[in-house]
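Accompanying notes for the structure given below.
The values are calculated or read from the model by the stated rules, or taken from the named source; none is laboratory data. What you see is a predicted model; the values in this text were computed from it and never measured. Cβ atoms come from the backbone with ideal geometry, glycine included; neighbour counts cover every protein chain shown. These accessible areas exclude ligands, DNA and RNA; they are computed on the full protein's heavy atoms, side chains included. Shrake-Rupley method; radii C 1.70, N 1.55, O 1.52, S 1.80 Å.
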Amino acid sequence: MSNSNIQIFDTTLRDGEQVPGCKLNTEQKVVIAEQLDKLGVDIIEAGFPVSSPGDFKSVEAISKIVNKATVCGLTRSVENDIKVAAEALKYAKKPRIHTGIGTSDSHIVHKFKSTREDILERTYKAVAYAKSFVEDVEFYAEDAGRTDNEYLARVCEMAIKAGATVLNIPDTTGYCLPSEYGAKMKYLMENVKGIEKAILSCHCHNDLGLATANSIEGVINGARQIECTINGIGERAGNTALEEVVMVLKQHPYLNLDTNIDTTMLYGMSQLVSDSMGIYTQPNKAIVGANAFAHSSGIHQDGVIKNRETYEIIDPKDVGVTESAIVLTARSGRAALAYRAKKVGYELTKLQLDEVYANFLSFADKKKEINDEDIHQIVETCKVYDEIIA
């Protein structure tokens, strides 16, 4: 793997499916997994095999059909979890077991009623046991965001010693500031013995709206994998949005960090996941929202019509959107009306546009949005209609 290449680990089918009411059946998961493979994700976390017979069946089915990506199964640091995951992944061309345990004092004391030393021992045993089934083992230090760095480094060293190939550093509660999360990755890169034998991975939650920013800071400071979901779906406020981190790296080439993602598939992928899960994307969602390339303010519309780059930093075609949308509302100006009128067949002179625009404003004050049918009505009821069609 090139040092500038960022691996994209998609957990839509595992962490993303933890959204209440978003349960997918095996057939739906297989369809999504096939598209994720075509999209170019490097790892597909297909599920948590021990959690239910259905999840086991889904991981097994996905393992059979994925051609390029690594297929990953989640486990706790429990022998039976790991054994079941290995069984579910037996058909995968490139299998990975993702095992781990909580490492923050909060988890150690309250969740496990254990000690730091015991957690280190359990880390080693879980990774070593997973390694007996597959070569590629990822270890997650749950709640790493609230784990002190010195102890976290010891945990990472223990996982590497046992054979871990990837070290997942989750901001499980979405608490870290980007500067803190970036500093944590930098500390681990500089202080974990044997870090060259594994890659660091970002797994950030969005409780404070910082998941994308934290993941970007993570890779700037040495991580080489980002764990994310389509549309940012996931537990509570969601996970890092795949489409966001991919486009941040694409739009900032000076970072010298790239991915294997075919970005022209992003919008279609978003629609597929949204439709399958029955959870619809907010219109103002970055990159894939319905309004991401829509303009309704007159000032913005005038700029975009003259040159798209005045208000758009991304070419819509780069993410699979056909073109920008000029949405006519009461906030729209003459340039936008002339643009849309031309689209439906009316070439207006400046004087004609002035007359039509006055009529347009009276329509627009009564409707939230003016559509193509309305434009015809606006022109037809205008004083200069006969002149326009002459």
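Within the range 1-18, residues that are more than 12 Å from Asp42 (Cβ to Cβ) have Cβ atoms under 7 Å from residues that are open to solvent by 10 Å² or more (accessible area, probe 1.4 Å) and at pLDDT below 95 in these pairs: Asp15/Glu235; Glu17/Lys23; Gln18/Glu235, counting only partners at least 6 apart in sequence or on another chain. In contact (Cβ under 8 Å) with a residue 12 or more places away in the chain, under 20 Å from Ala237 (Cα atoms), part of a helix (DSSP H, G or I) and open to solvent by less than 40 Å² (accessible area, probe 1.4 Å): is that true of Val304 in this structure? So Val304 does not fit the description; no. Is one or more of the residues making up the range 224-240 surrounded by 15 or more Cβ atoms within 10 Å (Cβ to Cβ), among the acidic types (Asp, Glu) and assigned to a loop (DSSP other than H, G, I, E, B)? Yes. Considered as a group, the residues in the range 248-281 that are part of a loop (DSSP other than H, G, I, E, B), open to solvent by less than 60 Å² (accessible area, probe 1.4 Å) and out of contact with any Cys (no Cβ under 8 Å at 6 or more places or on another chain) include one that is modelled with the lowest pLDDT, and that residue is Thr281.
Only one of the numbered conditions (1) crowded, with 22+ Cβ neighbours inside 10 Å; (2) over 13 Å from the mean Cα position of the chain (by Cα) is violated by Asn25, and that is (1). When the range 343-375 is filtered for residues that are open to solvent by 50 Å² or more (accessible area, probe 1.4 Å), under 27 Å from Val288 (Cα atoms) and not acidic (Asp, Glu), the ones remaining, listed by number, are Lys343, Lys367, Lys368, Asn371.
Only one of the listed residues (Glu190, Glu180) is within 19 Å of Asp105 (Cβ to Cβ), modelled with pLDDT of 95 or more, open to solvent by 10 Å² or more (accessible area, probe 1.4 Å) and not polar (S, T, N, Q). That residue is Glu180. Being touching a residue at least 24 places away in the same chain (Cβ under 8 Å), among the polar types (S, T, N, Q), in a loop (DSSP other than H, G, I, E, B) and open to solvent by 10 Å² or more (accessible area, probe 1.4 Å) is a property that does not hold for Asn284. Residues in the range 211-220 that are open to solvent by 40 Å² or more (accessible area, probe 1.4 Å), in contact with a strand residue (DSSP E or B) (Cβ under 9 Å, 6 or more places away or on another chain) and either part of a loop (DSSP other than H, G, I, E, B) or not acidic (Asp, Glu) (or both): Ala213 only.
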